[in-house]
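Reading through the structure tokens given below for one structure.
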Amino acid sequence: MSAGPTAMTVLVLGGTAEARALAAELAGRTGLRVISSLAGRVASPALPAGEVRTGGFGGVAGLAGWARAEGVDAVVDATHPFAETISANAVEACAQAGLPLLRIARPGWDAQEGDDWRDARSVAAAAAMLPALGARVFLTTGRQDLAAFAALDRLWFLIRCVDPPAGPMPARREVLLARGPYHREAERALMRRHGIDVLVTKNSGGCLTAGKLDAARDLGIPVVMVSRPDAPPAPSVPAVGDAVRWVLGRLPGTGRRAPAHNAGA
């Protein structure tokens, strides 16, 4: 809770580096209460500054009702680019509750000279491509998508995720538990050590996990890149600083409402 009377409460839908950076910029400012919401899928998440709540809201109605009960004045969706459900729920819930919503739309990665990328529209499509591309796979799509690769019993997988995976997964595998950032030199050494000949990842964007793409380029390894889902329409900005200005521009007494990119705020 910030010092002094609260003039505005902002809910940050978080779990990303951008969400933590936003909370760090806003928490503690006079008159501003910042609540970060985490989905609770990671056992020991990096906690942001300010207040934190963990767990789901119970769908659109639950989020709208919770926001009303907490006196939320504005919502910033700073979730992962592949967090489809919460982003869609946020759009509908804010419409129901009459709340302004802003999304931080982290820019995706673009292929560079020397890259060998194969675009996949889904994780299932990525799995279907693998037998023709390599035999030793570095799989970095997250623990919730492993079932799509479980039937590929002729391939070997190095599976990297933050928490131990459960459920169906490839039989021939090694699980590596690690949290980013991942640096180019270390990623290159990891791929060499395990004889990796194809990388599978989602187009998450950002610098914390881009080292694997640099390493794959260095080693001439093909990359199966899973495309982002289409985001529901909402005002969006590409950077944390833009979101900070949007929030501060909505504080009572500023006399303005900061515009967002791509749509009216």
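The values are calculated or read from the model by the stated rules, or taken from the named source; none is laboratory data. Predicted, not measured: the structure shown is a model, and the values here were computed from it. Cβ: placed from backbone, ideal geometry, glycine included. Neighbour counts: every protein chain shown.
Summed over the range 87-118, residues that are assigned to a helix (DSSP H, G or I) and surrounded by fewer than 20 Cβ atoms within 10 Å (Cβ to Cβ) total 6. Within the range 184-207, at least one residue is at pLDDT below 95 and surrounded by fewer than 18 Cβ atoms within 10 Å (Cβ to Cβ). Output the residue which, of all residues in the range 27-74 that are assigned to a helix (DSSP H, G or I) and aliphatic (A, V, I, L, M), is surrounded by the fewest Cβ atoms within 10 Å (Cβ to Cβ). Looking at residues that are assigned to a helix (DSSP H, G or I) and aliphatic (A, V, I, L, M), I get A69.
One line per residue, one yes/no per condition, for (1) assigned to a helix (DSSP H, G or I); (2) at negative phi; (3) of a type in the set (A, V, I, L, M); (4) in contact with a Cys (Cβ under 9 Å, 6 or more places away or on another chain):
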{"position": "A147", "(1), (2), (3), (4)": "yes, yes, yes, no"}
{"position": "A151", "(1), (2), (3), (4)": "no, yes, yes, no"}
{"position": "R160", "(1), (2), (3), (4)": "no, yes, no, no"}
{"position": "P168", "(1), (2), (3), (4)": "no, yes, no, no"}
{"position": "L176", "(1), (2), (3), (4)": "no, yes, yes, yes"}
{"position": "E185", "(1), (2), (3), (4)": "yes, yes, no, no"}
{"position": "L213", "(1), (2), (3), (4)": "yes, yes, yes, no"}
{"position": "R217", "(1), (2), (3), (4)": "yes, yes, no, no"}
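Restricting A148, A189, A216, A171 to residues that are under 24 Å from the mean Cα position of the chain (by Cα), free of Cβ contacts under 8 Å to residues at least 40 places away in the same chain and outside the structural domain of T79 (by TED's automatic domain parsing) narrows the list to A148.
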